[in-house]
Ligand code: ADP
Ligand code: ZN
């Protein structure tokens, strides 16, 4: 009834002030809170830092009974409960960190109606014991946080999430709210299906982070480029640098430290004490740079991270968005910077090929990688492409705050260049990688070139019009377009594809963007 809704709205606002100490709702929060408080199911998509927690915490307080929150991260549960207790909310956790006695006490409080919010680990919730416990309690709602973990196509699949479909079966009358920060169309559909939310409304907040400037540069010497980027653009700022391997994390942190930048390593191979200390320093001191594997960042809420840098390509747009999203939560200008090269594509493809996933999983992984490569290669607005991936269509063609908008790259006809590359790969037997192909094209008779007799081929030296750097950029783009592909059997080798023929016959247009020392200069002069 309309009266119930108005009533809910008033009560919501009053709890927002009195318990959370916040002046007003942000974006979609108000609609979500009302919908759930009135007993509805829904799926909420909001970027990291958008304020998802309030969407279930507040309705849980408005409804009778205890709100059950499923969350995969123990550290995150602990932080949230601490915050709630401080605000005077009766909150608790139920996970593997509790002793038997502590767990019994929490269970007793749940049954006696003494709890407002209870955070439960997914693998615990699905046990028969926990389900029957919940059946004896009064439940206000179920909130499934990080709901993309249920998706096998997502970047963060957790098998224990699959069992959560039991919630809808056992508690059909209790409202369910699923929340995630990262979900493309397919993942969203899968979440809705697995959690029986196909008929429920989806509340989607914009994923745009207008204060983040996106920049992707051609990688020729990653560490040196990173040092220059920090010194020129973010001297003294707090930032996160992501690398793929532990060894590279260590090397990069050492190189930055040597350059006078306060940089600390963070990866799963470090002693837990060291890790905790580095994380604490990053959060509490000014101007610390953390060099990390993706293990770092989950649940870290530091508002003034001024830049996130990638020295290696992440594996999907979702991962890229989530990692870069840790910059600029305070809304102030920040930079998402990435250095990327052909070796990144080859390396990621190898990781997919060598994983023991099913064929379908590999295909999806390759598609996700291709989408990120397209973002890295585009000559158009990066923000526009990023948002369109998440199903948004921004009105403006250009955002004015990405490298390509600030300094539009020149694009030229690259048909002949591409033909030379493909011919070279073909003539040398499709068994060689980028370096060798370029040696042959520019006519450099290295030991290896002579060993295979490639200095005798018709393609030897046919590419002297470009230098090595230009060839590398062209080759990377031709691979990104799919006209050449990493061989899944022979690491590093590039072979022709189905579309190569069209290029060789001159039927397929190939546009290449020109490289770009001037781009970096132009962005530098326009920044700040
Ligand atoms: P998410 O889970 O979506 O990453 P959180 O729920 O942790 O985001 O919220 C991120 C930050 O935004 C927190 O510091 C929170 O206090 C703040 N916040 C949430 N809602 C509001 C609001 N309506 N007004 C002001 N700050 C808010
Ligand atoms: Zn742009």
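Take the conditions (1) farther than 30 Å from residue 379 by Cβ; (2) part of a helix (DSSP H, G or I); residue 445 misses just one of them, which is (2). The single residue among 75, 82, 37 that is away from ligand 2 (no atom under 16 Å from the Cβ), within 32 Å of the chain's Cα centre (by Cα) and under 19 Å from residue 12 (Cα atoms) turns out to be 37.
Here residue 378 fulfils each of the conditions (1) over 27 Å from residue 468 (Cα atoms); (2) more than 16 Å from ligand 1 (Cβ to nearest atom) apart from (1). Within the stretch 143-158, residues that are more than 14 Å from residue 179 (Cα to Cα) have Cβ atoms under 6 Å from residues that are assigned to a loop (DSSP other than H, G, I, E, B) and at pLDDT below 90 in these pairs: 158/72, counting only partners at least 6 apart in sequence or on another chain. Check whether at least one residue in the stretch 181-191 is more than 16 Å from ligand 2 (Cβ to nearest atom), without any contact (Cβ under 8 Å) to a residue 40 or more places away in the chain and more than 30 Å from residue 395 (Cβ to Cβ), and report yes or no. Among the residues of the stretch 181-191, not one is more than 16 Å from ligand 2 (Cβ to nearest atom), without any contact (Cβ under 8 Å) to a residue 40 or more places away in the chain and more than 30 Å from residue 395 (Cβ to Cβ), which makes the answer no.
For the stretch 152-197, a tally of residues being within 16 Å of the chain's Cα centre (by Cα) and on the phi > 0 side of the Ramachandran plot returns 0. For the criterion of being farther than 22 Å from residue 302 by Cβ, surrounded by 15 or more Cβ atoms within 10 Å (Cβ to Cβ), in contact with a strand residue (DSSP E or B) (Cβ under 7 Å, 6 or more places away or on another chain) and free of Cβ contacts under 8 Å to residues at least 40 places away in the same chain, residue 84 fails. Residue count for the stretch 448-469 under the criterion of being closer than 23 Å to residue 514 by Cα and part of a helix (DSSP H, G or I): the result is 2. Among the residues of the stretch 170-194, which ones are more than 27 Å from residue 326 (Cβ to Cβ) and assigned to a loop (DSSP other than H, G, I, E, B)? Within the stretch 170-194, 171, 172, 173, 174, 175 qualify.
Can you confirm whether residue 230 is farther than 28 Å from residue 435 by Cα, touching a residue at least 40 places away in the same chain (Cβ under 8 Å) and surrounded by 19 or more Cβ atoms within 10 Å (Cβ to Cβ)? Against the criterion (farther than 28 Å from residue 435 by Cα, touching a residue at least 40 places away in the same chain (Cβ under 8 Å) and surrounded by 19 or more Cβ atoms within 10 Å (Cβ to Cβ)), residue 230 qualifies.
Hey, any hits in the stretch 483-506 for a residue that's farther than 30 Å from residue 307 by Cβ and more than 37 Å from the chain's Cα centre (by Cα)? There is at least one residue in the stretch 483-506 that is farther than 30 Å from residue 307 by Cβ and more than 37 Å from the chain's Cα centre (by Cα). Take the residues in the stretch 329-352 that are closer than 26 Å to residue 186 by Cα and over 16 Å from the mean Cα position of the chain (by Cα); name whichever of them is farthest from ligand 2 (Cβ to nearest atom). In this case the residue turns out to be 350. Only one of the listed residues (411, 364) is more than 25 Å from residue 334 (Cβ to Cβ), in contact with a strand residue (DSSP E or B) (Cβ under 9 Å, 6 or more places away or on another chain) and more than 16 Å from ligand 1 (Cβ to nearest atom). That residue is 411. Would you be able to say whether some residue in the stretch 357-365 is within 17 Å of the chain's Cα centre (by Cα) and touching a residue at least 24 places away in the same chain (Cβ under 8 Å)? Taking every residue of the stretch 357-365 in turn, at least one turns out to be within 17 Å of the chain's Cα centre (by Cα) and touching a residue at least 24 places away in the same chain (Cβ under 8 Å).
Residue 155 satisfies every condition listed in (1) at pLDDT 95 or above; (2) part of a loop (DSSP other than H, G, I, E, B); (3) surrounded by 18 or more Cβ atoms within 10 Å (Cβ to Cβ) except (1). Candidates in the stretch 289-307 are the residues that are crowded, with 21+ Cβ neighbours inside 10 Å, at pLDDT 85 or above and in contact with a helix residue (DSSP H, G or I) (Cβ under 8 Å, 6 or more places away or on another chain); of these, the one that is nearest to residue 214 (Cα to Cα) is 307. Of the residues making up the stretch 158-169, those that are more than 12 Å from residue 142 (Cβ to Cβ) and not in a helix (DSSP H, G or I) are 158, 163.
Residues are listed down the side, and each one gets a yes or a no for (1) over 23 Å from residue 191 (Cβ atoms); (2) surrounded by fewer than 22 Cβ atoms within 10 Å (Cβ to Cβ):
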position	(1), (2)
16	yes, yes
57	no, no
70	no, no
74	no, yes
88	yes, yes
107	yes, yes
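The values are calculated or read from the model by the stated rules, or taken from the named source; none is laboratory data. Only a predicted model underlies this, so the values are computations on that prediction, with no experimental measurement involved. Virtual Cβ from ideal backbone geometry, glycine too; neighbours counted across all protein chains shown.
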